[in-house]
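Please read the structure below before turning to the comments.
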Amino acid sequence: MSHAPIAARFYPAGGDAHGHPALVELAGKVLQVLPEDSPPQQAPLASLQAATRGFNHSQWAIAWPAEGGGEHMLLIDEAAVGPLRAAAPALFAGGEGARRRSGRRFLAGITLLALVPLLVVVALLASLDHLTDRVVSHIPPSVEKQIGAAVLARTRLEGPLIDRGPAFEAVQTIGRRLARPGETLEFHLADRPEINAFAAPGGVVVVNSGLLAKAASPEEVAGVLAHEIAHVELRHSLRQIVRSAGLRVIFGALAGDYDALGGWAAQLGELKFSRDAEREADQRGLERLAEARVDPAGMLRFFETLDKAEAGGKAGQLPALLSTHPATTERIAWLREAVATRGNGPVEPIAIDWRSIGGASR
Amino acid sequence: MAMDVVDYEIFGSEMQYVEVELDPGEAAIGEAGVMMYMQDGIQMDTVFGDGSQQQGGFFGKLMGAGKRLLTGESLFTTVYHNEGSGKRRVAFAAPYPGKIVPVDLSKVGGTLICQKDSFLAAAKGVSLGIAFQKKIGVGLFGGEGFIMQKLDGDGMAFIHAGGTLLEKTLAPGETLRVDTGCVVAFQPSVDFDIQYAGKIKTALFGGEGLFFATLSGPGKVWLQSLPLSRMADRIVMASRAAGGGGKEGGTALAGFGLGSLLGDDE
């Protein structure tokens with residue numbers, strides 16, 4: 001049971017704070033301590049107490065009672081303690097246990113520190129739809145009107161609105177036909193070539209002149225308008241605004257960078273939101289068409305036309321309506337089925353001379 | 001491993017610099033950006049990582065650089081070689097008011113744990129590592145974060161601390177309660193922990209925060225009287241941008257007048 005002496009630091013009971021360099025070895029049942037500058041010490045193995053200490057348990061403190069009261073103490077580096085531990089494992093067992101426990105505590109703590117923010121974010125994301133509903137339900141119609149007015153003002157900045165002429169009148173006629181009694185809906189015609197239409201909070205519906213040009217009949221335009229009105233009715237754009245603001249806050253807090261990641265994630269969220277909302281708007285739109293006695297086949301026809309344009313068009317030339325209103329084959333199939341099942345209601349044609357507004361001729 | 005033995009001299013009182021004398025062939029490493037001047041014959045070489053020789057290969061270097069990134073220091077260290085035939089001097093200046101502490105690592109057992117960012121310069125051969133604080137509470141509330149810096153070797157190292165420096169040797173079991181942030185360095189045998197300030201009232205209104213850092217011996221500790229963050233807070237608070245310009249009533253007007261006189265070219 002002999003090994004090379006181990007370098008240690010010896011702190012005699014009642015001595016100064018600095019300690020003395022010493023060599024330590026275990027001879028049988030006795031620990032021999034040979035300080036560089038003071039008489040040797042002997043300590044029976046049975047009287048020793050060992051504990052880890054120092055930064056990250058990197059040191060061992062071995063103490064034993066001194067004759068004149070107090071304790072002598074040895075400080076040994078973890079890297080050097082090996083031979084002594086091999087010779088007297090029982091002495092070190094307690095300290096090893098404490099070290100392991102503290103290691104486990106550290107792992108658990110770090111895991112918790114990393115998980116808690118993650119869980120909070122996941123929980124917030126999971127309840128985002130619910131939270132959005134709650135917030136949206138508290139927004140008064142007056143605020144909705146204001147948002148709608150702001151959106152309209154921005155649309156005016158981007159391009160002129162057409163507010164007279166046969167095309168404008170045609171849109172108003174179709175809109176009046178679709179509006180239910182008591183509904184305050186505004187229909188606007190924007191002079192833009194893209195095939196698009198959108199709805200803003202507060203009952204503002206904007207149709208591009210490009211959409212009118214592509215439509216072959218007023219029923220087709222009515223189909224699109226019914227769909228857009230359904231968005232207003234279901235407060236989709238309001239939900240979208242609230243939701244993307246919420247996403248921005250969540251990801252902004254998570255990433256610390258409000259603009260880059262937050263904006264990107266919020267956009268992803270908007271896309272997904274649209275796909276769910278579109279289906280809902282299609283359904284409500286169809287109901288509205290049926291109420292207004294407008295042939296729902298127009299809606300289906302228009303989306304089929306768009307789908308063909310999409311299939312035939314080059315990438316990057318997709319109708320704008322498709323980028324916000326994904327006209328997937330699946331969606332058209334659903335529409336076709338829905339039109340077929342409910343298409344037996346009474347239908348009155350919309351009385352507009354479609355050729356007069358230059359629609360199909362363009 | 002043979003360390004380069006360097007002679008040094010520290011100048012200045014509150015804004016110090018240390019002048020290191022290198023024998024021919026000797027070298028010192030310095031934190032990037034702290035060199036103040038050097039004499040003819042000293043070659044500067046920027047190395048990736050910490051410049052200690054024991055790390056081999058590309059990955060070793062990458063690890064060393066990664067560690068430095070974690071401790072908030074530059075990825076590169078500069079090695080100053082004396083290629084001349086006589087003794088040459090190179091000086092390193094402290095980056096903010098405070099004291100430079102010369103530590104002979106061989107006298108403190110070869111290892112020193114210090115606050116990240118506090119390393120200034122060392123004899124070549126001293127390795128700079130990270131010491132990851134494994135007590136969650138200390139990492140969060142101890143004022144030094146989870147990442148500390150570890151200096152290993154047996155040469156001279158120069159670390160820098162803010163304000164005035166206290167070097168204290170703690171006897172076994174002797175405990176010192178320290179304001180968080182004031183701990184600069186300690187020997188690995190020192191237990192670094194935190195202690196709850198005890199009373200909510202003290203925590204809120206005593207201005208010392210919820211926790212003290214506790215250091216218990218045996219071992220040497222170095223404390224700073226003015227952590228840089230505290231000084232930075234005060235400067236920001238007193239700056240005009242933060243609305244602190246009028247704090248010293250009498251001079252506010254004068255300051256304003258001078259400011260507008262000098263500010264005309266803006």
In the structure displayed, which of B:Lys124/B:Lys150; B:Lys99/B:Lys220; A:Lys29/B:Lys220; B:Lys61/B:Lys116 lie more than 27 Å apart, Cα to Cα?
-> A:Lys29/B:Lys220
Using a 10 Å cut-off on Cβ atoms, rank the peptides B:212-222, A:280-290 from the highest mean neighbour count down.
-> B:212-222, A:280-290
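Considering every residue in A:12-20, what mean count of other chain Cβ atoms within 10 Å of its Cβ is obtained? Intermediate values should be presented prior to the final figure.
On the way: counts 0, 1, 1, 2, 2, 10, 5, 7, 0.
Across the residues of A:12-20, the mean count of other-chain Cβ atoms within 10 Å is 3.
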Over the range A:68-208: Kirkwood hydrodynamic radius from C-alpha pairwise inverse distances, Å = 22.6
Distance in Å, no decimals, from the C-alpha centre of the range B:89-159 to the one of the range A:75-134 is 26
For peptide A:113-126, how many partner chain Cβ atoms fall within 10 Å of a residue's Cβ, on average?
-> 0
In degrees, nearest 10, range 0 to 90: what is the angle between the Cα axis of helix A:218-233 and the longest Cα principal axis of chain A?
-> 40
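Place the peptides A:110-116, A:99-105, B:87-93 in order of packing, highest mean first, counting for every residue the other Cβ atoms within 10 Å and averaging per peptide.
Working: A:110-116: 11.3, A:99-105: 13.1, B:87-93: 21.1.
Ranking the peptides A:110-116, A:99-105, B:87-93 by packing returns B:87-93, A:99-105, A:110-116.
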Amide H neighbours of B:Ile194 at under 5 Å, excluding residues fewer than 5 places away on the same chain, with H built from the backbone geometry, are B:Thr214
Output the peptides A:121-129, A:166-174 sorted from most to least packed, where packing is the average of other Cβ atoms within 10 Å over each peptide's residues.
-> A:166-174, A:121-129
Which aspartates and glutamates does A:Lys308 reach when only Cα atoms under 18 Å apart count, and residues fewer than 8 places away in its own chain are ignored?
-> A:Glu194, A:Glu220, A:Glu330
For chain A, find the longest principal axis of its Cα atoms and tell me its angle to the long axis of helix A:166-178, 0 to 90°, nearest 10.
-> 70
Counting helices only, and only those DSSP H runs with n ≥ 4, report the 222 nm mean residue ellipticity of chain A as the sum of -39,500 (n - 2.57) divided by its residues, in deg cm²/dmol to the nearest 500.
-> -18000 deg cm²/dmol
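In what sequence do B:Asp23, A:Asp295, B:Asp154 fall when counting other Cβ within 10 Å, fewest first? Don't skip to the answer; put the middle values down first.
Numbers: B:Asp23 15, A:Asp295 23, B:Asp154 19.
Least crowded to most crowded, the residues run B:Asp23, B:Asp154, A:Asp295.
Please average, across the residues of A:54-64, the number of beta carbons from any other chain that are within 10 Å of each residue's own beta carbon, and give a whole number.
Working: counts 11, 18, 9, 4, 5, 8, 1, 5, 0, 2, 0.
Across A:54-64, the average partner-chain Cβ count within 10 Å equals 6.
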Per the C-alpha gyration tensor (a ≥ b ≥ c, the square roots of its eigenvalues), the range B:141-190 is rounded if a/c is under 1.5, else prolate if a/b beats b/c, else oblate; here it's rounded
Helix A:329-342: angle to the longest alpha-carbon principal axis of chain A, degrees 0 to 90, nearest 10?
-> 50
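FYI, it's all coordinate maths here, none of it is from the lab. The structure displayed is predicted, hence computed values, not measured ones. Backbone-built Cβ (ideal geometry, glycine too); neighbour counts: all protein chains shown.
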